[in-house]
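Novice: If you scroll down you'll find the structure; I have some questions about it.
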Amino acid sequence: MSAPAALPVPRHVAFIMDGNGRWARQRGLPRIEGHRRGVEVVRTVLETAWQLGIRQITLYAFSAENWKRPVEEVGALMGLLEWFLDRETARLVENRIRLRTIGHVEALPPAVQQALARATAATAGFTEHTLVLALNYGSRDEVLEAAKAYATAVAEGRERVDSATWDTFSRYLATAGLPDPDLVIRTSGETRLSNFLLLQSAYAEFVFTPVLWPDFGKAELTAAVAEYGRRERRFGQTSEQLNPAS
Ligand code: FPP
């Protein structure tokens, strides 16, 4: 008897890391302690992801709306981001992982921009694995800016409206050149997308878990990837079309 076929592994998993504040509150700790623990979890999740065969991870680390948080929390998040980049760049290089960003990084504090520039430059040559940080990112703004850039390109004769396809348009999105997410995971029991990769997730599978981000780990990621493997992605076709022999 032949061994059962291995379950498919998502090539690209995108995370909405939620629940840091609640994790801290449940322990009587300041919110920033939840974020601090959340950064530790990022390291575990990345290690597990590469071990499972995932090629790209995108993390919604700071949304364009997160500026509305108390100024101390925003400052602490930026500090953690800089600390994470300083600490992780050597590991990214060691593991040959390319770092990319999506979102308006030019509005981030200069120290964070410099840390990002260092990490991005140090890892630019790697092609097998990619870590994408969504920073000051919002999907609607991204789409609007892509539409404006596309319209400009049409006006200047660099694009033709009558031959427009998703492929030609999507090159104007922040995610140009990156694969769409196969699996989007949101922690903490919330079941919304919060302006994250709205168009890129058109055919993604979703896993919403009640686990708070600081409690998310190897077991939870492995379970979510197994759940993905059991799902049938039909892309509009029927099950019979995809499995003609069954
Ligand atoms: C949501 O939890 C989390 C965030 C808005 C920030 C996510 C950031 C990190 C995990 C740390 C920085 C990331 C990297 C890659 C270094 P919440 O504060 O909204 O939690 P709550 O809904 O329970 O209040």
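Novice: Are any residues in the range 111-140 part of a loop (DSSP other than H, G, I, E, B) and either within 14 Å of the ligand (Cβ to nearest atom) or not aromatic (F, W, Y) (or both), and if so, which ones?
Specialist: Passing the criteria: A124, G125, T127, E128, G138.
Novice: Filter the range 130-166 for residues that are of a type in the set (A, V, I, L, M, F, W, C) and touching a residue at least 40 places away in the same chain (Cβ under 8 Å); which is nearest to G75 (Cα to Cα)?
Specialist: Applying the filter and picking the extreme gives L135.
Novice: Could you tell me whether the range 72-86 includes any residue that is near the ligand (Cβ under 9 Å from one of its atoms), outside any helix (DSSP H, G or I), free of Cβ contacts under 8 Å to residues at least 60 places away in the same chain and more than 20 Å from the chain's Cα centre (by Cα)?
Specialist: No: zero hits.
Novice: Which one of E205, E240 is touching a Phe, Trp or Tyr at 6+ places or on another chain (Cβ under 6 Å) and away from the ligand (no atom under 16 Å from the Cβ)?
Specialist: E205
Novice: Taking into account only those residues within the range 37-47 that are within 8 Å of the ligand (Cβ to nearest atom) and under 21 Å from R69 (Cα atoms), which is surrounded by the most Cβ atoms within 10 Å (Cβ to Cβ)?
Specialist: Once the filter is applied, the top-ranked residue is G38.
Novice: Among what's in the range 8-29 and is touching a Leu at 6+ places or on another chain (Cβ under 8 Å) and away from the ligand (no atom under 12 Å from the Cβ), pick the residue that is nearest to R192 (Cα to Cα).
Specialist: Top of the filtered list is A14.
Novice: Does I32 meet the test of being within 12 Å of the ligand (Cβ to nearest atom) and either hydroxyl-bearing (S, T, Y) or assigned to a helix (DSSP H, G or I) (or both)? It would help to see each step written out before you state the result.
Specialist: Details: within 12 Å of the ligand (Cβ to nearest atom): yes; either hydroxyl-bearing (S, T, Y) or assigned to a helix (DSSP H, G or I) (or both): yes.
Here the answer is yes, as I32 does meet what is asked.
Novice: From W67, W50, which residue is under 15 Å from the mean Cα position of the chain (by Cα), more than 9 Å from the ligand (Cβ to nearest atom) and either more than 18 Å from V211 (Cβ to Cβ) or not basic (K, R) (or both)?
Specialist: Within the list W67, W50, the selection yields W50.
Novice: Find the residue count for the range 121-150, including only residues that are under 24 Å from E82 (Cα atoms), surrounded by fewer than 19 Cβ atoms within 10 Å (Cβ to Cβ) and among the aliphatic types (A, V, I, L, M).
Specialist: Matching residues across the range 121-150 total 3.
Novice: Here is a further query. Please specify each residue of the range 142-160 satisfying the condition of being farther than 26 Å from S201 by Cβ and among the aliphatic types (A, V, I, L, M).
Specialist: If the condition is that a residue be farther than 26 Å from S201 by Cβ and among the aliphatic types (A, V, I, L, M), then V154, A155 are the ones that fit.
Novice: Tell me, yes or no, whether the range 78-93 has at least one residue that is among the polar types (S, T, N, Q), modelled with pLDDT of 95 or more and either closer than 12 Å to L133 by Cβ or exposed (fewer than 15 other Cβ atoms within 10 Å of the Cβ) (or both).
Specialist: Filtering the range 78-93 for residues among the polar types (S, T, N, Q) gives 89.
Add one more test, that the residue is modelled with pLDDT of 95 or more, and what stays is 89.
Going one step further and asking which of them are either closer than 12 Å to L133 by Cβ or exposed (fewer than 15 other Cβ atoms within 10 Å of the Cβ) (or both), we end up with none.
Within the range 78-93 (the criterion being among the polar types (S, T, N, Q), modelled with pLDDT of 95 or more and either closer than 12 Å to L133 by Cβ or exposed (fewer than 15 other Cβ atoms within 10 Å of the Cβ) (or both)), the answer is no, since none of the residues qualifies.
Novice: Let me ask something additional. Of the numbered conditions (1) outside any loop (DSSP other than H, G, I, E, B); (2) of a type outside the set (A, V, I, L, M, F, W, C); (3) touching a residue at least 40 places away in the same chain (Cβ under 8 Å), E240 satisfies every one except a single condition; which is it?
Specialist: (3)
Novice: I'd like to verify a number: residues in the range 75-98 that are in contact with a helix residue (DSSP H, G or I) (Cβ under 8 Å, 6 or more places away or on another chain) and either under 13 Å from R36 (Cα atoms) or among the small types (G, A, S) (or both), how many?
Specialist: Of the residues in the range 75-98, 8 are in contact with a helix residue (DSSP H, G or I) (Cβ under 8 Å, 6 or more places away or on another chain) and either under 13 Å from R36 (Cα atoms) or among the small types (G, A, S) (or both).
The values are calculated or read from the model by the stated rules, or taken from the named source; none is laboratory data. Note that the coordinates shown come from a computational prediction; the quantities given were computed from them, not determined experimentally. Reconstructed Cβ throughout: ideal geometry from the backbone, glycine too, with neighbour counts over all protein chains shown.
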